[in-house]
Amino acid sequence: MEIDQTARTSRSFSRDDLAQFARMAGVAPGDTVPEPLIGALFSYLLGVELPGFGTNYLKQELRFHDSAPADEPLTAEVRITRLRPEKHLVDLATTCHDSAGRLICEGSALVLVKDVKR
């Protein structure tokens with residue numbers, strides 16, 4: 001791992017995805033992607049891509065600037081901003097954009113990783 005290393009994933013959430021989420025959450029389905037589904041894109045990246053397997057989420061902050069409509073491709077990105085090997089901690093910046101480049105949300109994450117090296 002190194003400062004400014006990034007990982008990305010892209011996904012569209014269909015109206016069926018939104019309806020299924022609404023049923024599980026016990027809410028009425030909407031036309032926009034619920035914030036927890038967007039947050040799940042970051043969870044995927046942190047647990048599978050960067051830092052990857054064995055990552056433990058300690059903290060996440062997300063600020064939503066706009067809504068994301070169903071069937072719109074979204075791209076989530078995590079970028080390492082700080083490595084603290086003595087504490088096994090990694091700080092990351094998080095962003096999500098739609099296909100036009102519009103910022104949907106941004107924030108930060110703090111994760112615990114066993115093998116943090118500079």
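The values are calculated or read from the model by the stated rules, or taken from the named source; none is laboratory data. Just so it is clear, the structure is predicted and the values come from calculations on it, not from any experiment. A quick note on method: Cβ atoms are made from the backbone with ideal geometry, for glycine too, and the neighbour counts reach across all protein chains shown.
Summary of computed values
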quantity: Per-region count, the range 23-47, residues under 20 Å from GLU106 (Cα atoms) and either part of a loop (DSSP other than H, G, I, E, B) or out of contact with any Asp or Glu (no Cβ under 8 Å at 6 or more places or on another chain) (or both); calculated: 14
quantity: Scope the range 39-59; condition over 12 Å from the mean Cα position of the chain (by Cα) and among the aromatic types (Phe, Trp, Tyr); matching residues; calculated: PHE53
quantity: Whichever residue in the range 79-118 is farther than 16 Å from ALA40 by Cα, aliphatic (A, V, I, L, M) and in contact with a strand residue (DSSP E or B) (Cβ under 9 Å, 6 or more places away or on another chain) and, among such residues, is surrounded by the fewest Cβ atoms within 10 Å (Cβ to Cβ); calculated: LEU103
quantity: Flag if PHE53 is without any contact (Cβ under 8 Å) to a residue 12 or more places away in the chain, within 29 Å of LYS114 (Cβ to Cβ) and not acidic (Asp, Glu); calculated: yes
quantity: Output for the range 61-77, where each listed residue is part of a loop (DSSP other than H, G, I, E, B) and surrounded by 15 or more Cβ atoms within 10 Å (Cβ to Cβ); calculated: SER67, ALA68, ALA70, GLU72
quantity: Qualifying residue in the range 52-60 (condition: at pLDDT below 95, β-branched (Val, Ile, Thr), in contact with a helix residue (DSSP H, G or I) (Cβ under 7 Å, 6 or more places away or on another chain) and crowded, with 18+ Cβ neighbours inside 10 Å); calculated: yes
quantity: The range 7-16, residues that are farther than 16 Å from SER67 by Cα and out of contact with any Leu (no Cβ under 7 Å at 6 or more places or on another chain); calculated: ARG8, ASP16
